[in-house]
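Here is the structure we will look at, set down as structure tokens.
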């Protein structure tokens with residue numbers, strides 16, 4: 001039985017507490033938050049939990065095996081570092097840190113202490129994304145041409161990071177999970193309409209082969225859109241996370257180049273076939289994630305969203321931020 005300490009009972013912390021409490025091989029030992037009102041909410045729902053406003057109480061608790069850090073990104077490095085040095089396994093809210101240097105230092109520290117370090121990139125565990133990965137890996141789409149994402153909504157505007165570190169982190173983690181090809185460069189443009197941080201941004205990612213990725217993120221949209229298009233030489237996929245049932249739709253559609261008419265003209269044929277909506281399990285992604293992490297602790301294996309994955313995501317986000325500062329110039333990875 002793994003005993004979990006959760007630091008941060010704000011937006012996402014309650015979801016972690018619920019899923020770890022319901023996992024058969026875990027129990028939540030202590031919840032920490034600086035806000036007494038948030039602790040009162042936790043106390044009302046889980047009267048048996050030990051509560052504290054001091055994170056050091058969590059690190060000093062010898063009964064705690066796993067510490068979940070669900071706090072603002074600016075606090076991730078110090079809290080995760082302290083947890084690892086206390087001999088705890090650590091799960092950190094996405095993304096891991098605010099810089100590549102900090103991310104690499106945490107990975108090295110976890111290896112030194114032989115402890116699991118994982119990041120809460122929940123979409124990697126989403127059944128729709130896992131099914132999408134199976135389709136891509138089987139080669140059903142043929143050669144992959146592009147990944148095109150729109151991830152917009154009205155808020156939640158963060159005060160310590162911009163929209164790239166908040167929303168684009170989801171797509172960057174999905175890219176790292178889906179494809180074996182490695183990105184070679186990123187270019188980004190962003191605009192700040194409210195406050196000091198960019199509220200709207202566009203990222204263009206070039207991979208080593210044919211694959212390119214385009215990511216549009218926005219905190220100031222009137223509707224919530226979570227749409228991803230993946231196009232290949234054989235088939236194409238629409239992934240709409242807002243769809244209650246048919247989240248994935250596989251289209252047997254594409255373009256074929258025919259015979260050349262002359263030096264400057266080639267006939268183009270459009271193929272329009274059937275659409276297939278594969279059945280997607282309805283299991284909550286966070287439930288899958290929590291059970292996976294507990295299995296990794298028990299078996300001593302590396303989680304899907306472990307250190308290497310976390311570093312890849314932070315590297316991309318940091319490069320995108322650098323590109324924005326340089327007016328959209330391409331940054332090599």
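Worth a mention:
- The length gained on full extension between residue 196 and residue 56, counted as 0.36 nm times the residue separation minus their Cα-Cα distance, comes to 47.2 nm.
- Label point at residue 269 placed 7 Å out along Cα→Cβ; residues across region 234-253 whose backbone nitrogen lies under 20 Å: 234-236, 251-253
- Rounded to 10°, Cα long-axis angle of helix 169-178 versus longest principal axis of the chain: 70
- Beta bridges per DSSP with both ends in the chain, % antiparallel, nearest 5: 60
- Summary value for region 2-120: 23 percent relative contact order, contacts being C-alpha pairs under 8 angstrom separated by 6+ residues.
- Max mean-square fluctuation residue, GNM over the chain, Cα-Cα springs under 10 Å, options 159, 89, 214: 159
- With both labels modelled 7 Å from their Cα along Cα-to-Cβ, the residue 112 to residue 214 distance reads 4.5 nm.
- Degrees separating the helix 100-113 axis from the principal Cα axis of the chain, which is the longest one: 50
- Peptides 307-319, 232-244, ordered by how many other C-beta atoms sit within 10 Å of their residues on average, highest first, read 307-319, 232-244.
- Sites residue 21 and residue 255, calculated FRET efficiency, Cβ-Cβ separation with R0 41 Å, nearest 0.05: 0.20
- Separation between Cα centres of region 92-142 and region 12-86, rounded to whole Å: 21
- Dividing the mean sequence gap of close Cα pairs (under 8 Å, 6+ apart) by how many residues the chain holds gives a relative contact order of 18 percent.
- Fully extending the segment from residue 326 to residue 1 would add 112.0 nm, taking 0.36 nm per residue of separation and subtracting the current Cα-Cα distance.
- For the chain, the longest principal axis of the alpha carbon atoms and the long axis of helix 285-299 meet at an angle near 60°.
- Calculated FRET efficiency for the pair residue 182/residue 298, C-beta based, R₀ 41 Å, to 0.05: 0.85
Read-outs: derived from the displayed coordinates by stated rules, not from any lab. All of these numbers come straight from a predicted model, not from anything done at the bench. Neighbour counts are summed over all protein chains in view; Cβ atoms, including those assigned to glycine, are modelled from backbone coordinates with ideal geometry.
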